[in-house]
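Below is one structure. I have some questions about it.
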Amino acid sequence: MRPGSVLLTAITGLIWGVTAMVVIGVTLTLITGEVALPQATAAAVAGSLSSLIFVWRQSSTAAGGLPAWALSASVLFLVLMAATFAAPFGLPLNKEPVWQGLALIAFIFGVTSANHLSLSGASLGAMTRYEREVVYICIAKGIGFVLFTIVVALPFYVMVMTSLKSQQTLLANPLDLSIDFSQGLYGLFRSYVELFTEFNFGRYLLVSTFVSIATVVLTLAFSVPGAYAVSRLRFPGQAFLARSVLLIYMVPAIVLVIPLYAVFSQLGLRNTLTGLLIVYPATTIPVALYMLQGYFRGLPSELEEAGLMDGLSRIGVILKITLPLSLPALASVSLYVFMIAWNEFLFAFMFLDDPDIFTLSRGVVSLNSSEVPRQHLMAGAVIATVPVLFIFLWFERFLVQGLTAGSVKG
């Protein structure tokens, strides 16, 4: 048994115990509305002992008995309950017993799993440099994952919970983010119902869907032939064009919006969807060109040459050979462009004044008023976020494939 290995194992368990206790304790407070006081010191002691037991058991040569993870979880539970007098979250057992039980199970599962992932293969004896580095990397990855999850999930949770509140509850305690099921189903979703019945959000959704899909179609209609020409054809200025397609992103949108506002006002394009369908593709076509030209270069040119020899025109080659082979890239570009158009706010805010043609982002901002309850603004933000979130998760594999395709030659 080496002191250095014992210390590293104990510190690993301590880190996971404190992290899990704080995260789960705060989550319990958000869910129930009861102010939990996570017992971090007791969690640190329990986590350290459970990690030592886990490493000792997994390196033990004795046969039979509980497996390492089960023995570690048992020690974790017993030490935590004993050190906190059966109140690991600082709440009496008669307050939210179901949620406290689930939180305790989550704590034990989280710490045991983290110890297993970090210390699998470790021992209390001499550890090599590689084994120590594996533990360091696992700890860093775990902490990073927890922090990233909190940063992403907490604002969304606050947004959703606020949208389910009544005006009286928000005024009484704005920090209470628990769910009040006593309101009934209609009471919980009242803000969403009123958005569609009183604030015209159904039309905003249709307008945003139309504008986003039209932007995708227009972007692909221009960027596909443009990217193909840059990647396959030879003409003067080809190299310069290939490298300069992203120059438009060097100019901030805030610099362009005032001149565009003046020009569109003179041309009668302000306060129309036509104006948006001119501006949006102009900002998305360059990045679509850049993404597609790299993919087209990665396609075997012999396939297109064979198509030309078989009598296909250049357009026929693009339609029958290049595009079918480029579906992952086209899907990723379409998803990227759709999200840009769906979430765009600056041009919609400057150009649109008629509520009948507001996009969703413009409609959400119109709720930011002292005359509109705060829960309606949060509900509008949820409506604007959830559709594109599900679309992104559904097409994520295409996005990854399209972004990495054509990045290497071979």
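The values are calculated or read from the model by the stated rules, or taken from the named source; none is laboratory data. Computed from a predicted model, the values in this text were never measured in an experiment. Glycine gets a Cβ as well: all are built from the backbone with ideal geometry, and neighbour counts include every protein chain shown.
When you look at TRP69, is it over 23 Å from THR27 (Cα atoms) and of a type in the set (Phe, Trp, Tyr), yes or no? Walk me through it before giving the result.
Numbers: over 23 Å from THR27 (Cα atoms): yes; of a type in the set (Phe, Trp, Tyr): yes.
Yes, satisfied.
Ok, one more. LEU164 versus (1) under 23 Å from the mean Cα position of the chain (by Cα); (2) closer than 17 Å to SER51 by Cβ; (3) at pLDDT below 90: which is the lone unmet condition?
The one condition LEU164 does not meet is (2).
Considering each of LEU78, LEU30, LEU8, LEU49 in turn, give the residue that is over 30 Å from LEU164 (Cα atoms) and in contact (Cβ under 8 Å) with a residue 60 or more places away in the chain. Steps first, answer last, please.
Values: LEU78 fails: in contact (Cβ under 8 Å) with a residue 60 or more places away in the chain; LEU30 fails: over 30 Å from LEU164 (Cα atoms); LEU49 fails: in contact (Cβ under 8 Å) with a residue 60 or more places away in the chain.
After applying the criteria, what remains is LEU8.
Only one of these conditions is not met by ASN368: (1) farther than 30 Å from LEU233 by Cα; (2) outside any loop (DSSP other than H, G, I, E, B); (3) under 25 Å from the mean Cα position of the chain (by Cα). Which number is it?
Only one criterion is unmet by ASN368, namely (2).
With the requirement that a residue be hydroxyl-bearing (Ser, Thr, Tyr) and within 15 Å of PHE345 (Cα to Cα), what does segment 244-270 give you?
As a first pass, look at segment 244-270 and keep what is hydroxyl-bearing (Ser, Thr, Tyr): 244, 249, 261, 265.
Within segment 244-270, just TYR261 meets the criteria.
Next question. Select, from PHE222, PHE240, the only residue that is at pLDDT below 90, more than 28 Å from the chain's Cα centre (by Cα) and among the aromatic types (Phe, Trp, Tyr). Give the steps one after another, and end with the answer.
Details: PHE222 fails: at pLDDT below 90.
Only one candidate qualifies: PHE240.
To continue, here is another question. From the list LEU195, LEU273, which residue is modelled with pLDDT of 85 or more, within 22 Å of ALA348 (Cα to Cα) and within 28 Å of the chain's Cα centre (by Cα)?
Only one candidate qualifies: LEU195.
Also, I was wondering about something else. Is there any pair linking a residue in segment 238-259 that is under 14 Å from ALA282 (Cα atoms) to one that is at pLDDT below 75 and surrounded by 11 or more Cβ atoms within 10 Å (Cβ to Cβ), with Cβ under 8 Å and at least six apart or on different chains, and which?
Pairs found: none.
Determine the pairs where a residue that is farther than 10 Å from PHE358 by Cα, located within segment 194-212, has a partner that is charged (D, E, K, R) and part of a helix (DSSP H, G or I) with Cβ atoms under 8 Å apart, the partner being 6 or more residues away or on another chain.
Every condition considered, no pair remains.
If you don't mind, there's one more thing I want to ask. When segment 156-182 is examined, which residues are found to be surrounded by 12 or more Cβ atoms within 10 Å (Cβ to Cβ), of a type outside the set (Ser, Thr, Tyr) and in a helix (DSSP H, G or I)?
Across segment 156-182, the qualifying residues are PHE156, VAL158, MET159, VAL160, MET161, GLN167, LEU170.
What residue, among those in segment 113-145 that are modelled with pLDDT under 90 and of a type in the set (Gly, Ala, Ser), is surrounded by the most Cβ atoms within 10 Å (Cβ to Cβ)?
Per the criteria, the residue is ALA122.
Test PHE148 against the stated conditions and say whether it is at pLDDT 85 or above and surrounded by 18 or more Cβ atoms within 10 Å (Cβ to Cβ).
Values: at pLDDT 85 or above: yes; surrounded by 18 or more Cβ atoms within 10 Å (Cβ to Cβ): no.
No; evaluated as a whole, the condition is false for this residue.
Still on this structure: Evaluate the following for ASP310: is it at pLDDT 85 or above and either surrounded by fewer than 18 Cβ atoms within 10 Å (Cβ to Cβ) or not assigned by TED's automatic domain parsing to the domain that holds VAL224 (or both)? Explain how you work it out, then say what you get.
Numbers: at pLDDT 85 or above: no; either surrounded by fewer than 18 Cβ atoms within 10 Å (Cβ to Cβ) or not assigned by TED's automatic domain parsing to the domain that holds VAL224 (or both): yes.
Taking the combined requirement at face value, the residue does not satisfy it.
Have a look at SER113, SER48 and point out the one that is hydroxyl-bearing (Ser, Thr, Tyr) and touching a Gly at 6+ places or on another chain (Cβ under 7 Å). Let's see the steps before the verdict.
On the way: SER113 fails: touching a Gly at 6+ places or on another chain (Cβ under 7 Å).
After ruling out the rest, the residue left standing is SER48.
Among (1) within 30 Å of the chain's Cα centre (by Cα); (2) at pLDDT below 90; (3) not β-branched (Val, Ile, Thr), which single condition is SER301 missing?
Exception for SER301: condition (1).
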